[in-house]
Structure formats: C-alpha cells, structure tokens
Amino acid sequence: MADVTTTVIVPVELGDLPDGSALYGYAHPDTRRVLVVGGEEAAQQPGIRLLGRLEPSDEDRSDGDPGVELVARRGGTSGDLDFWWQGLPCRAEPYALSSDLFSRNSGLLETAALQKSGVIICGCGSVGSLAALELARSGVGRFLLIDPDLLAIENLCRHQCGLADVGRRKVLAVADRIRQINPKAQVFTEHLALEQLDPAVVAQFCEANADTLMLACADSRRADRHASRLAAVLSLPFLAIGLWERAFAGEIFYSHPGEPMPCYGCAFEGLAGELTAKAEPGRRFYSNETELEKLHFQPGIAIDIAYVTEIGLKLALDLLNRNNPAHVPRLLGQLSQYTLVCNSNDTQLGGERAEIFSHPLQVTTSIQVGYGKGCPPCRLQQ
Ligand SMILES: [Zn+2]
C-alpha cells in the first residue's frame with residue numbers, strides 16, 4: 001500500500017513557542033508535505049497561511065475543529081513535538097533555520113558574519129531587485145530598500161518580481177522575495193527616492209549592523225552620486241552598478257573608507273560639482289517611453305543586466321567582508337575602482353561606443369580614476 005503519511009517539515013525552534021501559538025506555513029497536498037515556517041511572526045510571509053496550532057499535551061486533540069488542520073503537541077518527557085495533519089499522525093522532519101538555510105554556503109561565504117551585515121539598496125529595479133535576492137541568498141541578514149516606484153507590467157521582463165506584484169511598491173515586493181529566501185532577514189523599506197529620505201533613517205540602519213554597504217543601483221548618475229555622498233558622510237563602503245543603453249555594457253564603481261581613494265563624484269568629471277551634460281550620456285537607462293518600447297523587443301536584456309550585476313555583487317561580498325580575516329576576496333584587489341563590463345561589442349546594439357571593447361564579455365581591470373578638484377566627499381575622507 002502506498003505511504004499516505006504526511007511529512008511536516010518543522011523548524012527546531014518551534015518548541016520554544018508558547019502553548020496555544022498559531023502555526024503558519026505552506027501545505028502541498030499533492031506531495032503530502034507541509035512546511036511550518038513559524039508562529040505569528042511568520043504571518044507576513046507572502047502566500048503563507050494559518051496551518052494550525054501548538055497545543056498543550058494534556059488537551060484533547062482538536063479533531064472536531066475544521067479550522068485546525070495541523071496540530072502540534074509536546075510529547076511525553078522528551079518535550080519533542082508530535083504532529084497531526086487533518087487528524088492523522090505525521091512524520092516530522094526538523095530543520096534549523098539559522099544553520100540549514102545557508103549550510104551550503106558555510107565556509108565559502110562567511111555566513112555568520114554576513115548575517116549581521118546590512119545593505120542599503122538605493123533603487124529596486126532590475127539591478128537592485130537582483131542584487132537584493134542574491135545578497136539574501138549569500139547570507140546578508142539586514143536590508144534597507146529605497147525606491148519611489150511601483151512595479152509596472154513593462155518592468156516584468158527584467159525584474160525579479162512577478163505579475164502578482166504589479167501595482168505594488170517595488171520595495172515591498174522585493175522585501176517579500178527576500179523573506180521567501182530568508183524569513184529571518186530584517187528588511188526595512190522606504191518608498192521614496194534617497195534624495196527625499198531623511199539621512200537619519202540611513203544612519204540609524206547602519207548603527208545596528210556589524211558592517212553596512214551602500215549599494216547604488218538607481219536609474220541616474222545624479223541619484224548614485226547622492227548615495228555616494230551619503231556613504232562618505234557615514235564612512236560606508238560604496239558600490240554602484242549601472243547599465244548603459246540597452247545593457248550592451250555596464251559599469252561598476254566602488255570606494256571604501258579603509259583607505260583614501262577617489263569618490264564616485266571624482267570618477268565622473270563634472271559630477272563633483274553640478275552635473276554636466278557631458279557626464280550624463282555615458283549611462284542611460286530605459287526610463288523614457290521610447291526606450292521602454294525598444295526594450296520590449298530586445299531579447300536577452302535581463303540576461304545582460306544580470307551579467308553585469310553579478311560581477312558587481314562579487315565585489316559587494318568582498319566589500320562587506322573586507323575586515324574579515326577568514327574571507328578570501330573574489331575581485332577586490334583584482335578589479336580597479338571603475339570597471340566596465342561588456343555584453344556585446346556589436347555596434348548594432350551599443351552604437352559607436354561598442355567599439356571601445358575588443359570582444360564581448362570583456363571585463364576591464366585597469367581603468368584608473370583620479371581625484372576631482374576640491375571634491376567635497378573626498379575632503380570628508382581626509
Ligand atoms: Zn571625490
């Protein structure tokens with residue numbers, strides 16, 4: 001006879017909950033698997049539902065309560081939990097959220113240190129949403145997401161969120177996806193542009209972290225420059241990831257407070273003072289309607305964005321771990337402060353500027369950045 005026993009996958013921490021606690025999670029009747037995520041605190045997870053409750057051992061089972069599918073009871077002297085699903089005893093499969101979740105990263109990604117670290121993500125579009133989820137998978141435990149936009153249909157072809165999130169604030173949609181990877185992650189959201197945000201909010205977020213990275217992935221250099229200045233004021237490492245038109249290439253810039261180095265404003269002539277017409281065309285996103293239309297017919301754009309972003313994120317991990325002696329840097333020290341990443345050197349995609357690359361998938365390692373004249377953020381670092 002086929003085994004019809006339901007397997008309940010439960011966090012070992014569940015036993016710490018008080019009797020009577022509601023249990024939340026996901027049920028998959030087709031595979032007879034039930035995943036318990038936690039008590040009341042897990043209720044904000046997207047798509048999660050009330051499964052049942054934790055009952056005292058001396059109470060009769062709630063067979064008669066149709067609203068209670070899952071019953072957990074402390075058994076005998078061991079105090080271990082026993083489970084019933086729809087009135088039938090289940091097999092329990094424990095997991096430890098803190099260790100099992102990232103067990104495959106351990107030793108490789110310095111998970112313990114990363115869980116205490118934080119990332120401020122300015123811009124939760126195609127680059128920012130991918131960055132958020134990849135860093136969550138890597139074990140980063142705290143996030144401050146900043147973005148003024150709502151998710152639109154035309155974003156879907158290059159964003160990590162989906163149809164169910166259209167019309168939602170991007171910051172909330174991305175926050176949900178982070179919690180789907182790590183329910184213990186602390187995610188804070190600000191539905192406005194960084195320029196409008198009280199810097200005290202950012203400063204407060206940094207205070208609670210072992211280490212914090214400012215990650216700029218907004219759709220303009222002006223916004224990234226603002227993030228860079230704030231990073232300098234707060235002595236944070238800074239990383240900007242941006243795409244050139246139609247993502248034929250992208251750029252990655254970093255600085256960190258450990259040693260004097262030119263800031264983002266220095267790197268792009270004219271940015272330290274007022275933004276000049278010359279500085280801006282180097283990078284253009286698909287923020288206007290014409291560009292968006294082109295984008296719809298541009299195959300592989302999400303793949304091109306991801307290629308540049310993932311290289312930037314290797315640097316992000318290095319920057320977050322730069323004071324960790326156990327960390328083996330992936331790219332820090334190999335790439336210069338300003339890196340260009342090429343997806344295609346075909347002029348049909350990138351226009352004339354595509355000719356600066358000698359081959360597709362080229363990653364520059366030698367572009368040097370100089371100091372700007374009287375740059376305010378650089379003066380701050382001295
Ligand atoms: Zn500077």
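Loop-located trypsin sites (Lys or Arg not before Pro) in segment 167-246 (DSSP state other than H, G, I, E, B) with a sparse environment of at most 16 neighbouring Cβ atoms within 10 Å: R168, K184.
Among H256, H159, a tally of other beta-carbon atoms within 10 Å of each Cβ gives an order, fewest to most, of H256, H159. Spin-label model, D19 to A164: label points 7 Å out along the Cα-to-beta-carbon direction sit 3.6 nm apart. Note on segment 188-236: percent of Cα-Cα distances in each 10 Å bin, starting at 0 and stopping at the bin with the largest distance, equals 24, 61, 14. Multiplying the residue separation of L361 and Q180 by 0.36 nm and removing their Cα-Cα distance gives an extension gain of 62.0 nm. Charge tally around Y24: other residues with Cβ under 9 Å, Lys/Arg +1 each, Asp/Glu -1 each, net -1. Look at the Cα gyration tensor of segment 111-381: its axes a ≥ b ≥ c give a/c under 1.5, and that counts as rounded. Kindly state, to the nearest 0.05, the FRET efficiency for A326 paired with Q204, given R0 = 25 Å and r defined as their beta-carbon distance. Efficiency computed from Cβ-Cβ geometry: 0.30. Based on alpha carbons, the Rg and Dmax found for segment 154-235 are 14.1, 39 Å. Our note on the geometry: Cα centres of segment 174-194 and segment 324-382, 29 Å apart.
Computed from the coordinates by the stated procedures, all read-outs in this text should not be read as laboratory data. All values derive from a computational prediction rather than experimental measurement. Ideal geometry is used to build each Cβ from the backbone, glycine not excepted, and the neighbour counts take in all protein chains shown.
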